[in-house]
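For reference, the structure is listed below as structure tokens.
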Amino acid sequence: MKVAGFTIIRNALLYDYPVVEAITSILPVCDYFVVAVGKSDDDTLNLIRGIGDPKIQIIESIWDDTLREGGRVLAEETNKAFEAIPAEYDWCFYIQADECVHEADHPAIRAGMERWLNDPETEGMLFDYRHFYGSYDFTGSSRRWYRREVRIIRNDKRIRSYRDAQGFRFDPGPSPDEMGDATQPLPSREGLRKLRVRHIPAHIYHYGWVKNPAAQQRKQLNFNRLWHSDEKVQLMVGNKTVYDYDGSEPLERFQGTHPAVMQPRIEAMNWQFGGDPTQVRWSLKDRLSNWVEKKTGWRPGEYKNYTLLD
């Protein structure tokens, strides 16, 4: 079994993305790793080069910032990285620049890939999520945080990054070999279906909402431009120089440990988070949904970007 990792990044230093930690958190389970580095306004390219691992192959890219509908440019860049993975690799492990995997989960991840390697029905692996907010000490517990997403996929180029690259879909059209040229990307088409996946006992640690407030505000200004016009972004984000973390966000205190690769960043945290999750009042709807989920594991009304196999 051969495994390739892949990710995309641009302006990692400017917007304080823990992309080095993201990559190194899954390198031990990967035999090869593609990083698509977009042309940046900072030293992101040398940051990635500085990891210095021979598994890593860098492709340089220029993002099309006109693709603002639904964050489409993120999917386009993700597909570039995926397409650069050679056919010899069986599984492809996608990690976003603000995500990490705990080293304690590596055995379960590898076991899942080995277990389902020869099952053609299994097209991907589904991970649970921990979304940190404002501080490394708290995770989001409201319904706005997605519980699970696909992060390992088969090396089948009919699989395409979907919408804003949160997940993947399968293009039921002809395979690259049937098209006669495996080097050409398949066009995105209507009729993409959800991937058939297996749930594995492993977590993605999502740190996109844990940044110095100044870096978070810069990120919000830039990130929302991937979806909206400059005028709408201005209305949404405003002119503040620092981000105001929402003190009314329902949170839970995190009782576990963080991935080892994140420890230096956590120890260097240089801001105070003023949220007090004990003071947050849940709506009746959210309280009921949360109770049902804790009792049964079912989240009423949950959007699922995949088809879960038994």
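The values are calculated or read from the model by the stated rules, or taken from the named source; none is laboratory data. Remember, predicted model here, so these are calculated numbers, not experimental data. All Cβ positions, glycine included, derive from the backbone under ideal geometry; neighbour counts span all protein chains shown.
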### Query
If you scan the stretch 132-142, which residues turn out to be in contact with a Phe, Trp or Tyr (Cβ under 7 Å, 6 or more places away or on another chain) and within 24 Å of Tyr94 (Cα to Cα)?
Phe132, Tyr133, Thr139, Gly140
### Query
Taking the stretch 35-67, which residues are within 19 Å of Val261 (Cβ to Cβ) and buried (at least 17 other Cβ atoms within 10 Å of the Cβ)?
Val35, Thr44, Leu47, Ile48, Ile56
### Query
Is one or more of the residues making up the stretch 143-159 surrounded by fewer than 20 Cβ atoms within 10 Å (Cβ to Cβ), in contact with a Phe, Trp or Tyr (Cβ under 9 Å, 6 or more places away or on another chain) and among the hydroxyl-bearing types (Ser, Thr, Tyr)?
yes
### Summary
The lone condition Ala87 fails out of (1) buried (at least 17 other Cβ atoms within 10 Å of the Cβ); (2) closer than 27 Å to Lys39 by Cα is (1)
### Task
Would you point out the residue of the stretch 212-264, among those that are assigned to a loop (DSSP other than H, G, I, E, B) and modelled with pLDDT of 90 or more, that is surrounded by the most Cβ atoms within 10 Å (Cβ to Cβ)?
Pro259
### Query
Can you pull out the residues in the stretch 111-132 that are of a type in the set (Phe, Trp, Tyr) and under 22 Å from Thr7 (Cβ atoms)?
Phe127, Tyr129, Phe132
### Message
Name the single residue that is surrounded by the fewest Cβ atoms within 10 Å (Cβ to Cβ) among those in the stretch 296-310 being charged (D, E, K, R) and within 17 Å of Lys285 (Cα to Cα).
### Response
Glu302
### Message
When the residues of the stretch 175-195 are narrowed to those that are surrounded by fewer than 18 Cβ atoms within 10 Å (Cβ to Cβ) and in contact with a Gly (Cβ under 9 Å, 6 or more places away or on another chain), which ends up modelled with the highest pLDDT?
### Response
Gly191
### Query
Which one of the conditions (1) closer than 22 Å to Gln263 by Cβ; (2) in contact with a Phe, Trp or Tyr (Cβ under 8 Å, 6 or more places away or on another chain); (3) at pLDDT 95 or above does His106 fail to meet, given that it meets all the rest?
(2)
### Query
Only one residue in Cys30, Cys92 is buried (at least 23 other Cβ atoms within 10 Å of the Cβ), at pLDDT 95 or above and not basic (Lys, Arg), so which one is that?
Cys92
### Meets criteria (touching a Phe, Trp or Tyr at 6+ places or on another chain (Cβ under 8 Å), on the phi > 0 side of the Ramachandran plot and either surrounded by fewer than 16 Cβ atoms within 10 Å (Cβ to Cβ) or at pLDDT 95 or above (or both)) for Gly70
yes
